[in-house]
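Here the structure comes first, spelled out in structure tokens, and everything after it is commentary.
What follows draws every value from the coordinates through simple rules; no lab data is involved. Bear in mind the structure is a predicted one, so any value in this text is a computation, not a measurement. Quick reminder, even Gly has a Cβ in these numbers, built from the backbone with ideal geometry, and neighbours come from all protein chains shown.
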Amino acid sequence: MSFSVNIRQFKTSIDVEMGETILSAALKSGVQFPHGCQSGNCGACKSRLFSGDIQMSPYSDFALTKEEKESGLILACRSVPWSDCDLAYLEQDDLVTFPIRKLNCTVKEIQQFTHDIVRIFLGIDSGGPFNFAAGQYAKVSFDKFPPRDYSMASLPADDFLEFHIRQISGGLTSTHANKKLIVGETVSLEGPFGVSYFRENHTGPLIAIGGGSGLAPIKSIVETALEKNRKQPIHLYFGARDTRDVYLESHFLNLENKHENFTYTCVLSEPKELTKYRTGHLFEAVSDDFNSLDGAKAYLAGPPIMVETCIKKLCELGIRQDDCHADAFYTEAEKAKLEVLT
């Protein structure tokens, strides 16, 4: 048994099998439905339900607030229809779409950034061209390990792809990338994905917040904005636990010296010794620096708790939630726990 779901942005309806989510059926049908994490955590597939009955599996309050749900919004990745439905996904400002490519790549260079973060550069051998927007991610497969989602740290115009991969305890893919990956190894890649990309038409202040390896997409966004000679204030906040977790500091300080409208701030949450860096949580640092951020856009990437607490503070400072573009880095174990709740 299946139900007919009309997506107003498209001319034809899709059939959704009983027990299947609307997003899954849409993607299987070739519909370019906006999406990100596909696990109820990012809000990229937020849609308005005009008619019909659906049941939603558990999701993050960050992705869909109580007020939004009460107003008729749903998450397509968590919504299973129980009748024919009529809906429309929320239109994104500065919507960009690029064809999904499957690439064959070769590892060109490896750099160990910190004790648990490695930087890799990939050259594209076939399947290109690979076009993406700063802030997007790809599914990357090393050897016979399962594919994992990693954000591009390179600029869209670069002729290589750069990734920052943090080793996760028990993570086969991330451990291979950090400990066993070698130059010359072949890598397969699919993408781009994600909607937390740089909005080029926005002219207000830009607040960029990255925690740990979440600095990767933030780096791409900030460097893209600076390369395009954007004149609005651009503030980058990087959060790490301790001094040994800080990377690319000299790079961003050099950018700060070159661009009067760019500032870089590093914040340590758990320093073991006295430090030159600011300490505390990222949301506290932002709150200390600004009385109001009305008219700004924010880009965030990193651990889910960091993303959620920062967004809450940013909204208190005047940024609309629609102007917070976030990519929460859930581990596979965290995703599995969420799935168990369903």
Residues located in region 119-133, provided they are in a loop (DSSP other than H, G, I, E, B) and touching a Phe, Trp or Tyr at 6+ places or on another chain (Cβ under 7 Å)
Asn131, Phe132, Ala133
Here's a check for you: in region 249-281, which residue that is closer than 19 Å to Leu226 by Cα and among the β-branched types (Val, Ile, Thr) is surrounded by the most Cβ atoms within 10 Å (Cβ to Cβ)?
Thr265
Between Gly128, Gly135, which is of a type outside the set (Lys, Arg), free of Cβ contacts under 8 Å to residues at least 40 places away in the same chain and in contact with a strand residue (DSSP E or B) (Cβ under 8 Å, 6 or more places away or on another chain)?
Gly128
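Would you kindly identify the strands (runs of 3 or more DSSP E) lying entirely within region 9-112 that contain at least 2 residues that are under 26 Å from His164 (Cα atoms) and of a type in the set (Val, Ile, Thr)? Steps first, answer last, please.
On the way: elements: 14-17, 46-51, 54-56, 73-75, 79-81, 85-89, 101-112.
Hits in region 9-112: 101-112.
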Taking region 299-320 and the residues there that are outside any helix (DSSP H, G or I) and in contact (Cβ under 8 Å) with a residue 12 or more places away in the chain, the one that is surrounded by the fewest Cβ atoms within 10 Å (Cβ to Cβ) would be Gly318
Residues of region 282-298 classified as surrounded by 17 or more Cβ atoms within 10 Å (Cβ to Cβ), touching a residue at least 40 places away in the same chain (Cβ under 8 Å) and outside any loop (DSSP other than H, G, I, E, B), total:
5
If you scan region 232-251, which residues turn out to be in a strand (DSSP E or B) and closer than 15 Å to Thr279 by Cβ?
Tyr237, Phe238, Gly239, Ala240
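If you take just the strands (runs of 3 or more DSSP E) that sit entirely in region 134-203, which of them hold at least 1 residues that are basic (Lys, Arg), out of contact with any Lys or Arg (no Cβ under 6 Å at 6 or more places or on another chain) and buried (at least 20 other Cβ atoms within 10 Å of the Cβ)? Even if it seems obvious, please write down each step before you answer.
Numbers: elements: 137-142, 148-151, 161-166, 186-193.
By residue number, 148-151, 161-166.
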Determine which single condition Glu308 fails, assuming it passes every other condition in (1) under 30 Å from Cys77 (Cβ atoms); (2) in contact with a strand residue (DSSP E or B) (Cβ under 7 Å, 6 or more places away or on another chain).
(2)
Just wondering, is there one or more residues in region 94-113 that are surrounded by 14 or more Cβ atoms within 10 Å (Cβ to Cβ), over 24 Å from Gln136 (Cα atoms), more than 17 Å from the chain's Cα centre (by Cα) and of a type in the set (Val, Ile, Thr)?
no
